[in-house]
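Take a look at the structure below.
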Amino acid sequence: MDERKPASPRRTLRIGRLAVPPGSFAVMAVINRTPDSFFDHGATYEFGAALDAASKAVADGADIIDIGGVKAGEGDEVDVAEEIRRVAGLVAAVRDRHPAVAISVDTWRAEVADAVADAGADLLNDAWGGADPRLAQVASDRGLGLVCSHAGGLAPRTRALRPRYADVVAEVTRYVTDQAVRAVAAGVRPDGILIDPAHDFGKDTWHSLELTRRLDVLVATGWPVLVAVSNKDFIGETLGLPVTDRAEGTIAALAICAWHGGRVFRVHDVPAARRALDAVTVLRGGSPGH
């Protein structure tokens, strides 16, 4: 058996109580408990604001709440203790208020993963390509799902300088499938694993556009694919637009990735994403709704 394809096309993704069968889509809402988010500039840094934003996202149709405590890009240092302070209590509060929703935490640190597992998280969303090799073991030990991503070998919170790939899609596919296989070997549930090409992480605009055009290559591996394109720099550079004006470009990229078979979509605007995914579902011959 080819260990790079243990997630057959018939496999249903399971994150907490959430089941996402093949051919369906799940919306992951971004909740940033950071004072310096590139998108909202700290609008949900305060605890109450973050909790209310999570509740609104659930009401708007989010299937997964993704909580982050550290800005992805360069900025002020956030140590492990501070990251735990920002996210663990919020995870517990969202779990208490919304028992059925799936909760993800955007972190690369094993210590944070352990703390949020105690608080009620279901998924570890590692955008940094396994920078902390202990993360998969935490997912295994605590029964959590895991996102396996490609960041081009970057250290967390750093930016690539003129990244180069002979074939970015081939390189990304090889890396994330290898990471998924290692996660299974460490004991992570195969039906809790997603792969993420990580648009813009260790990639330039052309690379991110190519991954969007050819997302079907990642989908063909059999692993459910997480798509995180919302308001990213490659959309802004392509259209010559600032962060505040990237909504239409975001929906276009999201729809293309959905058509190619992406399974989970990490977004800032839940209602718009939900409508776009419903439209793609109908265009593919299905029925809207989730």
Please work out whether the chain counts as rounded, prolate or oblate from its C-alpha gyration tensor, where a ≥ b ≥ c are the square roots of the eigenvalues and a/c under 1.5 means rounded, while otherwise a/b larger than b/c means prolate and anything else oblate? rounded
Quick one: 3J(HN,Hα) in Hz for region 221-229, Karplus 6.51/-1.76/1.60 with θ = phi - 60°, rounded, Gly and Pro as x. 5, x, 6, x, 9, 8, 10, 10, 10
With charges only on Cβ, +1 for K and R and -1 for D and E, what is the dipole size of the chain about its Cα centre, in debye, rounded to 20? 900
Summing -39500 (n - 2.57) over the DSSP H runs of n ≥ 4 in the chain and dividing by its residue number, what mean residue ellipticity at 222 nm do you reach, to the nearest 500 deg cm²/dmol? -12000 deg cm²/dmol
Using a Cα distance threshold of under 24 Å, what count of lysine pairs results for the chain when pairs must be 8 or more residues apart or interchain? 5
Quick one: pull the percentage of alpha-carbon pairs in region 200-290 with a separation above 20 Å. 33
Correct response: the longest run of the chain lacking exposed GluC sites (Glu not before Pro), defined by DSSP loop and at most 15 other Cβ within 10 Å, is 78-290
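No value in this document is a laboratory result; all are computed from the given coordinates. On a predicted model such as this, the values are computed, not experimentally measured, just so you know. Neighbour counts are summed over all protein chains in view; Cβ atoms, including those assigned to glycine, are modelled from backbone coordinates with ideal geometry.
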